[in-house]
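Structure record follows, encoded as C-alpha cells.
The values are calculated or read from the model by the stated rules, or taken from the named source; none is laboratory data. Computed from a predicted structure; not experimentally measured. Cβ placement follows ideal geometry from the backbone for every residue including glycine, while neighbour counts extend to all protein chains displayed. Keep in mind that these areas ignore ligands, DNA and RNA; they rest on the heavy atoms of the full protein, side chains included. Shrake-Rupley method; radii C 1.70, N 1.55, O 1.52, S 1.80 Å.
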Amino acid sequence: MNYADAARRALTSLKDGFILLAIESSCDETAAAVLNGRRSVLSAAIHTQIPLHRLYGGVVPEIASRSHAERIRAVVDEAVTRAGVSVSDISAVAVANRPGLVGALLVGVSYAKGLAYALGAPLIGVDHLQGHIAANYLTHGELEPPFVCLVASGGHSHILHVRSYSEFELLAKTRDDAAGEAFDKAARALGLPYPGGPELEKLALDGDAYAYPMRSAFNESDESDFSFSGLKTAVVNLVHTEAQRGARLNRADVAASFQRAVVQTLVDKSMRCLERTGESTLVLAGGVSANAALRAALKRAAEARGARCFYPEPHYCTDNAAMIGCAGYHRLLQGCADGLALDAEAEWRL
Ligand code: KG4
Ligand code: ZN
C-alpha cells in the first residue's frame with residue numbers, strides 16, 4: 001500500500017467528517033479514543049494498570065506489556081462503540097510510538113498497524129510528549145502556537161518553545177529526575193502508594209510548606225536547566241534521620257515543603273523561558289500538570305507578567321489517547337503518515 005496516497009485520500013475526506021482512531025500504550029494505561037476532526041473527541045476508553053503495579057511500588061515493564069496485550073482489543077472496541085461509529089468508518093489510525101517502555105509501545109503500534117493495513121488507512125506515529133502538549137488544544141479551542149510549554153511527566157521534564165504545530169525547540173530540561181519521577185520517589189519514601197504524585201499532593205494539603213527548607217543551589221542559579229534529585233534525596237534523608245534518631249517527622253509538612261520547592265523551580269525556569277523567547281503564552285502539559293499547586297502558581301506568575309497560562313482539563317493531564325489523536329491529526333494535516341515499518345522507540349527526540 002502507498003501510505004502517501006492513503007494520507008492524501010484521507011485528507012480529501014476531511015470535510016465529510018473525518019474519523020480518527022488513536023491508541024496510547026506507552027506506560028501503564030491502555031487507552032483508545034475516536035476523534036471527529038481536529039479537536040472534537042467522540043469517545044475515550046481507558047484501562048489503567050495502576051492496581052497491578054502498585055504491589056511493586058512502580059511500573060514493571062513486563063507486566064505492563066502483557067496487560068496491554070490482554071486489554072487493547074477490548075479498549076479499542078469500547079472506544080469505537082461509544083463513538084457510535086463502525087470500524088470501517090475510521091479514516092486514519094494514530095498511535096503513540098515514542099518515547100516509553102518499548103514492550104508496552106509495541107503492543108499499541110502492532111495493533112494500530114494491523115488495523116491501518118486492514119482498512120487501507122494511513123498510520124500516524126505520534127510522539128507521546130507532543131501528545132501531552134496537544135491535550136491543551138482539546139481543552140482550549142482558541143489555543144494556537146507559538147507558546148512556551150512546560151512538559152512535566154513521569155519520565156520527562158522539558159520546557160519547549162512550540163513554534164508551530166510541528167516545530168519544537170528545547171529550551172530547558174531536567175538534568176536528572178523528571179518532576180513526576182521525583183514526586184513518585186519522594187512519595188514512596190513517605191510511605192505513600194504508587195503513583196505518588198497525586199497522593200503526595202493530597203498529603204501536602206495538611207502541611208506547612210515552609211516547615212522544612214529545601215534549597216537547591218543549582219535550581220537557584222542562572223542555569224536554564226533544573227534538577228530534582230537533590231530535593232528527592234532531601235526527603236529520603238529526612239525519613240532516614242527519623243528512623244535512626246527517632247525524631248518524629250511531620251509527613252504532611254515534608255510533602256508540602258517538597259512540593260513547594262518543585263513548584264517554585266518549575267515556575268522560575270518557565271518564567272525565564274517566557275522572557276528568553278519573548279512569548280506571551282505559557283502552556284503546562286504532562287501528568288504533573290494535574291497538580292493544583294503547580295497550576296495555580298504558574299498561572300499567577302504568568303499573569304503577573306502579562307502572559308496567558310493554559311493547562312489541560314484534569315482527565316487530559318495524565319496519559320490518554322485523545323491527546324495522541326489530536327497530535328496525530330496535526331501530523332496528518334502536514335501530509336505526514338508512516339508506513340508499516342513504523343517502530344516503537346524508548347528514547348525521546350525532538
Ligand atoms: O504523563 P503521565 O501520565 O505519564 C508519563 O508520561 O510519564 O505522568 C505521570 C506522572 C507520575 O509521575 C505521577 O505521579 C505524576 O505524573 N502526577 C502528579 C499528579 N498527578 C500525576 N504529580 C504531582 N501531582 C499530581 N496531582
Ligand atoms: Zn505521559
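If a residue must be within 28 Å of L143 (Cβ to Cβ), touching a helix residue (DSSP H, G or I) at 6+ places or on another chain (Cβ under 9 Å) and open to solvent by 40 Å² or more (accessible area, probe 1.4 Å), how many such residues does the stretch 169-182 contain?
Adding up the residues that qualify gives 2.
Assigned to a loop (DSSP other than H, G, I, E, B), within 16 Å of ligand 1 (Cβ to nearest atom) and in contact with a Gly (Cβ under 8 Å, 6 or more places away or on another chain): which single residue out of G154, G207, G180 fits that description?
Working: G207 fails: in contact with a Gly (Cβ under 8 Å, 6 or more places away or on another chain); G180 fails: assigned to a loop (DSSP other than H, G, I, E, B).
Just a single option satisfies the conditions, and that option is G154.
Quick check on the stretch 293-307. Is at least one of its residues touching a helix residue (DSSP H, G or I) at 6+ places or on another chain (Cβ under 6 Å), of a type outside the set (A, V, I, L, M, F, W, C) and more than 13 Å from ligand 1 (Cβ to nearest atom)?
No, because not a single residue in the stretch 293-307 is touching a helix residue (DSSP H, G or I) at 6+ places or on another chain (Cβ under 6 Å), of a type outside the set (A, V, I, L, M, F, W, C) and more than 13 Å from ligand 1 (Cβ to nearest atom).
Residues being open to solvent by less than 10 Å² (accessible area, probe 1.4 Å) and assigned to a helix (DSSP H, G or I): count how many of those fall in the stretch 275-308.
4
Which one of the conditions (1) over 17 Å from the mean Cα position of the chain (by Cα); (2) open to solvent by 50 Å² or more (accessible area, probe 1.4 Å) does H315 fail to meet, given that it meets all the rest?
Going through the list (1) over 17 Å from the mean Cα position of the chain (by Cα); (2) open to solvent by 50 Å² or more (accessible area, probe 1.4 Å), H315 breaks only (1).
Kindly provide the set of residues from the stretch 121-130 that are within 20 Å of C27 (Cα to Cα) and away from ligand 2 (no atom under 12 Å from the Cβ), ordered by number. Before the answer, list the steps.
Here is the first cut: in the stretch 121-130, the residues within 20 Å of C27 (Cα to Cα) are 124-130.
Those that are within 20 Å of C27 (Cα to Cα) and away from ligand 2 (no atom under 12 Å from the Cβ): I124, G125.
Being open to solvent by 60 Å² or more (accessible area, probe 1.4 Å) and either over 16 Å from N36 (Cβ atoms) or part of a strand (DSSP E or B) (or both) is the filter here, so list the residues in the stretch 332-349 that pass it.
Here is the first cut: in the stretch 332-349, the residues open to solvent by 60 Å² or more (accessible area, probe 1.4 Å) are 333-334, 340-341, 343, 347, 349.
Those that are open to solvent by 60 Å² or more (accessible area, probe 1.4 Å) and either over 16 Å from N36 (Cβ atoms) or part of a strand (DSSP E or B) (or both): Q334, L340, A341, D343, E347, R349.
When only residues in the stretch 42-64 that are more than 16 Å from ligand 2 (Cβ to nearest atom) and within 14 Å of V76 (Cα to Cα) count, which is most open to solvent (accessible area, probe 1.4 Å)? Write out each step before concluding.
Taking the stretch 42-64 and keeping what is more than 16 Å from ligand 2 (Cβ to nearest atom), we get 42-43, 45, 51-52, 54-57, 60, 62-63.
Filter again for within 14 Å of V76 (Cα to Cα), leaving 42-43, 45.
Values: L42: 66, S43: 10, A45: 3 Å².
Top of the filtered list is L42.
Answer with yes or no whether K185 is more than 29 Å from V76 (Cβ to Cβ), assigned to a helix (DSSP H, G or I) and open to solvent by 40 Å² or more (accessible area, probe 1.4 Å). Let's see the steps before the verdict.
Details: more than 29 Å from V76 (Cβ to Cβ): yes; assigned to a helix (DSSP H, G or I): yes; open to solvent by 40 Å² or more (accessible area, probe 1.4 Å): yes.
For K185, the condition - more than 29 Å from V76 (Cβ to Cβ), assigned to a helix (DSSP H, G or I) and open to solvent by 40 Å² or more (accessible area, probe 1.4 Å) - is met.
Name the residues in the stretch 192-207 that are surrounded by 14 or more Cβ atoms within 10 Å (Cβ to Cβ) and among the charged types (D, E, K, R), would you?
E199, E201
With the checklist (1) within 16 Å of ligand 2 (Cβ to nearest atom); (2) under 25 Å from L266 (Cα atoms); (3) open to solvent by less than 20 Å² (accessible area, probe 1.4 Å); (4) not small (G, A, S) in hand, flag the one item N97 doesn't pass.
(2)
Out of V267, V254, I need the residue that is closer than 28 Å to A234 by Cβ and either within 16 Å of ligand 2 (Cβ to nearest atom) or surrounded by fewer than 24 Cβ atoms within 10 Å (Cβ to Cβ) (or both). Which one? Steps first, answer last, please.
On the way: V254 fails: either within 16 Å of ligand 2 (Cβ to nearest atom) or surrounded by fewer than 24 Cβ atoms within 10 Å (Cβ to Cβ) (or both).
From the options V267, V254, the qualifying one is V267.
Residues to consider are I133, I159; find the one that is farther than 18 Å from C336 by Cα, crowded, with 22+ Cβ neighbours inside 10 Å and within 12 Å of ligand 2 (Cβ to nearest atom). Show your work before the answer.
Working: I159 fails: within 12 Å of ligand 2 (Cβ to nearest atom).
Exactly one of I133, I159 is farther than 18 Å from C336 by Cα, crowded, with 22+ Cβ neighbours inside 10 Å and within 12 Å of ligand 2 (Cβ to nearest atom), namely I133.
For Y210, indicate whether it is at pLDDT 95 or above, closer than 26 Å to W348 by Cα and open to solvent by 50 Å² or more (accessible area, probe 1.4 Å).
On the way: at pLDDT 95 or above: yes; closer than 26 Å to W348 by Cα: no; open to solvent by 50 Å² or more (accessible area, probe 1.4 Å): yes.
It is false that Y210 is at pLDDT 95 or above, closer than 26 Å to W348 by Cα and open to solvent by 50 Å² or more (accessible area, probe 1.4 Å).
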